[in-house]
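The values are calculated or read from the model by the stated rules, or taken from the named source; none is laboratory data. What you see is a predicted model, and the numbers here were worked out from it, not measured in a lab. Cβ sites come from the backbone with ideal geometry, for glycine too, and all protein chains shown count toward neighbours. The accessibility values were calculated without ligands, DNA or RNA, using every heavy atom of the protein model including side chains. Shrake-Rupley method; radii C 1.70, N 1.55, O 1.52, S 1.80 Å.
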Amino acid sequence: MKKILTFALMAMVTISASAAKKKAPSKNQNKPVFTIIKEIPITSVKDQNRSGTCWDYSTLSFFEAEILKSTGKKYDLCESFVANKTYMERAIQVVRYHGDCQFAQGGSAEDVLSTLKNHGICPEGAMPFPGSLYGDSLNNFNEFFSLLEPYVAAIAKSNSKKISNQWKAGLQGILDAYLGKCPEKFSYEGKEYTPKSFVNSLGLNLSDYVSITSYTHHPFYTGFAVEVQDNWRFPLSYNVPMDEMMQIIDNAIDKGYTIAWGGDVSEEGFTRKGLAYAVDSKATQSLAGSDMAKWLKLTPAKKNSILDSLGCNVPEIVPTQELRQERFDNWQLTDDHGMHIYGIAKDQNGKEYYMVKNSWGESGDYKGTWYMTKAFIAANTMDFLINKNAIPAEIRKKLGI
């Protein structure tokens, strides 16, 4: 009887194993396999969580990499310090304009650079950990901005003939309650600092950083303020042809520099799995066995499934200067997200991708890194912050820097 039971159990196990084997999903042969060409050292991946602070996280990550390059030291700089200073300064501008400009969570790399120049910075740990003041484990700006936005609007749209300065004290109270107070002094590795003396100790030359963009509605090799709402400080970006914009990125990585990138990630080729392609929809729908009308009617989930199955064989558009301008003017190319470019890799077909650090924690298939094709970056870059020493000499000469 025991033998019969033993053989029966063995048979059941064999059948179950065989069934499980049959049900196992087939491996996607199109999934990219990456070989790193050049990777610049960076600091660890952070998580902005439920806050519109990608501009803050990506640009501080960029400056941490700049410090690492120049000194060999790793720092974890405080995003809450930058957010506290930035939201107050943005609110002041909105009030000065009587509400005729936007107050929002978003921002730009210039907000971080301006904070470092004018206020300094502190390390993480000198202020409360993100979310801890209101019982969360990470940033959650839902309640915070439900208070902040109407407060600013009430002052900016006030019918008063004269407003007092007390609104700033009230706003600062909200900022401090949710982000923590910015310290006037703090200790770090046994030394006393102010935020300004700390930034001066980091080995950064803050006059070295410039913004680059590429559009035809302004002359090339001149500076202009890119016309997006989160560019509220109106810093000038140097305008170069698209090919030179890409040459600057490649030269930077080759020379050991990284890039604080801002651009559009609302495109269907930007996946939550850690990939980004400049998808050619017409060519893709043909490969998917449907006409264009059917492709357009597919749900985002179905499109993503098709794009995932095509993997590194997804057809891509060839970006052009004209297409960039057209998409900017018709609102297709938007200012969605800030990320940190730090390397180049290639897939099994030889196609090159930029390695881009995100601020969504270790999400996606590559633990917080996105592999974004050069075509995607060329098509979807709004602007980026870079060390001017990373720009090729011949382009610097044209820009006069």
Margin query: Could you give the length gained by full extension between D243 and E124, i.e. 0.36 nm per residue of separation minus their alpha carbon distance, to one decimal place?
Written below: 39.0 nm
Check: Within the accessible area of segment 62-199, what % is carbon and sulfur when the probe is 1.4 Å and the other protein chains stay in place?
Finding: 49
Check: Per q in 0.19 1/Å, what log10 I(q)/I(0) does a Debye calculation on the alpha-carbon atoms of segment 50-105 return?
Finding: -0.73
Checklist line | Contour minus Cα-Cα distance for R272 and N330 (0.36 nm per residue) | finding: 18.3 nm
Check: Label-point separation (nm) for R233 and A169, each offset 7 Å from Cα along Cα-to-Cβ?
Finding: 2.8
Next item on the list: Just subtract the alpha-carbon distance of T222 and A153 from 0.36 nm times their residue separation and send over the number in nm, one decimal.
Entry: 21.3 nm
Item checked: Angle between the chain longest axis and helix 54-71 axis [Cα atoms, degrees, rounded to 10] -> 90
Note to self: Going by amide H atoms built from the backbone, whose H comes under 5 Å of the H on I259, apart from near neighbours?
What the structure shows: I341
Next item on the list: Principal axes first, then extents: for the Cα atoms of segment 243-390, list largest minus smallest coordinate on each axis, whole Å, largest first.
Entry: 49, 34, 28
Margin query: From the mean inverse distance of alpha carbon pairs (Kirkwood) and the Cα radius of gyration, derive Rg over Rh for segment 327-367.
Written below: 1.08
Notebook entry, point to check: How far, in degrees from 0 to 90, does helix 2-23 lean away from the longest principal axis of the Cα atoms of the chain, to the nearest 10?
Noted result: 60
Next item on the list: Along Cα→Cβ, 7 Å out, is where each label goes; now give me the distance between the ones at D208 and S286 in nm to one decimal.
Entry: 4.8
Check: For segment 261-401, what % of the accessible area comes from carbon and sulfur atoms, probe 1.4 Å?
Finding: 52
Margin query: What number does segment 297-377 give for Rg over Rh if you use C-alpha atoms and the Kirkwood radius?
Written below: 0.98
Notebook entry, point to check: Which angle between 0 and 90 degrees, to the nearest 10, do you get for helix 300-310 versus the longest principal axis of the chain when only C-alpha atoms count?
Noted result: 60
Checklist line | Mean accessible surface per residue for the chain, computed with a 1.4 Å probe while every protein chain stays in place, in Å² | finding: 49
Item checked: Surrounding net charge for I36, when Lys and Arg each add one and Asp and Glu each subtract one, Cβ distance under 13 Å -> -1
Notebook entry, point to check: Within the accessible area of segment 209-249, what % is carbon and sulfur when the probe is 1.4 Å and the other protein chains stay in place?
Noted result: 59
Notebook entry, point to check: So what's Rg/Rh here for the chain, counting alpha carbon atoms and using the Kirkwood radius for Rh?
Noted result: 1.05
Check: Once the Cα gyration tensor of segment 209-284 is found, what semi-axes does its equivalent ellipsoid get, as square roots of 5 times the eigenvalues, in whole Å, sorted largest first?
Finding: 24, 17, 14
